[in-house]
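The values are calculated or read from the model by the stated rules, or taken from the named source; none is laboratory data. All of these numbers come straight from a predicted model, not from anything done at the bench. Cβ: placed from backbone, ideal geometry, glycine included. Neighbour counts: every protein chain shown.
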Amino acid sequence: MTLMFLNGGAMRGGPLHHLLGGAPLVAETRTAAKYRFYAVGDRCPALFPVSHGGAEIDGELYDLDLDRLRDEVLPAEPPELELGVIELADGGSALAMLLRRPSTSHAELADITGYGSWRAYRKERA
């Protein structure tokens with residue numbers, strides 16, 4: 001089982017959800033309180049690990065086939081993100097998309113950690 005934490009457009013109801021090809025939803029969950037959360041150019045969310053001042057961020061956990069991750073999901077991700085491993089609120093681990101270090105673009109970053117989720121941020125912006 002390959003667990004993938006999603007917190008943006010690939011979540012249920014999002015414009016990229018079809019890329020998951022019917023991968024089963026394992027749980028609605030949160031990250032450990034070790035991340036800041038950013039809007040990248042107001043196009044996508046990005047997690048960024050920190051040693052202090054992090055928060056729990058809402059998302060969905062999927063059992064995602066590695067071939068689908070390689071062939072469908074990763075090619076659709078923006079260049080500002082990279083694949084990494086995160087800690088979940090329950091202490092478990094999952095793959096997730098993180099803000100690329102060092103940054104590879106000049107996209108504006110807005111700290112949206114206080115919203116706690118991409119959906120809450122997008123709802124506020126609508």
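One table, with the values for the structure above:
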| item | result |
| --- | --- |
| Flag if residue 36 is within 14 Å of residue 2 (Cβ to Cβ) and touching a Gly at 6+ places or on another chain (Cβ under 8 Å) | no |
| Any hit, the range 89-99, residues being on the phi < 0 side of the Ramachandran plot, out of contact with any strand residue (DSSP E or B) (no Cβ under 8 Å at 6 or more places or on another chain) and among the small types (Gly, Ala, Ser) | no |
| Residue 90 touching a residue at least 40 places away in the same chain (Cβ under 8 Å), in a loop (DSSP other than H, G, I, E, B) and either over 22 Å from residue 122 (Cα atoms) or under 12 Å from the mean Cα position of the chain (by Cα) (or both) | yes |
| Positions within the range 32-53 being closer than 17 Å to residue 93 by Cβ and either loosely packed, with under 13 Cβ neighbours inside 10 Å or among the charged types (D, E, K, R) (or both), in sequence order | 34 |
| Any chance residue 23 is in a loop (DSSP other than H, G, I, E, B), in contact with an Asp or Glu (Cβ under 7 Å, 6 or more places away or on another chain) and either modelled with pLDDT of 95 or more or of a type outside the set (D, E, K, R) (or both) | yes |
| Subset of the range 68-87 that is free of Cβ contacts under 8 Å to residues at least 12 places away in the same chain and farther than 11 Å from residue 4 by Cα - its residue that is surrounded by the fewest Cβ atoms within 10 Å (Cβ to Cβ) | 75 |
| Subset of the range 94-105 (residues that are surrounded by fewer than 17 Cβ atoms within 10 Å (Cβ to Cβ) and out of contact with any Gly (no Cβ under 9 Å at 6 or more places or on another chain)) | 101, 102, 103, 104 |
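Condition check ((1) outside any helix (DSSP H, G or I); (2) charged (D, E, K, R); (3) under 15 Å from the mean Cα position of the chain (by Cα)) across all residues:
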{"site": "42", "(1), (2), (3)": "yes, yes, yes"}
{"site": "51", "(1), (2), (3)": "yes, no, no"}
{"site": "61", "(1), (2), (3)": "yes, no, yes"}
{"site": "67", "(1), (2), (3)": "no, yes, no"}
{"site": "72", "(1), (2), (3)": "no, yes, no"}
{"site": "107", "(1), (2), (3)": "yes, no, no"}
{"site": "121", "(1), (2), (3)": "no, no, yes"}
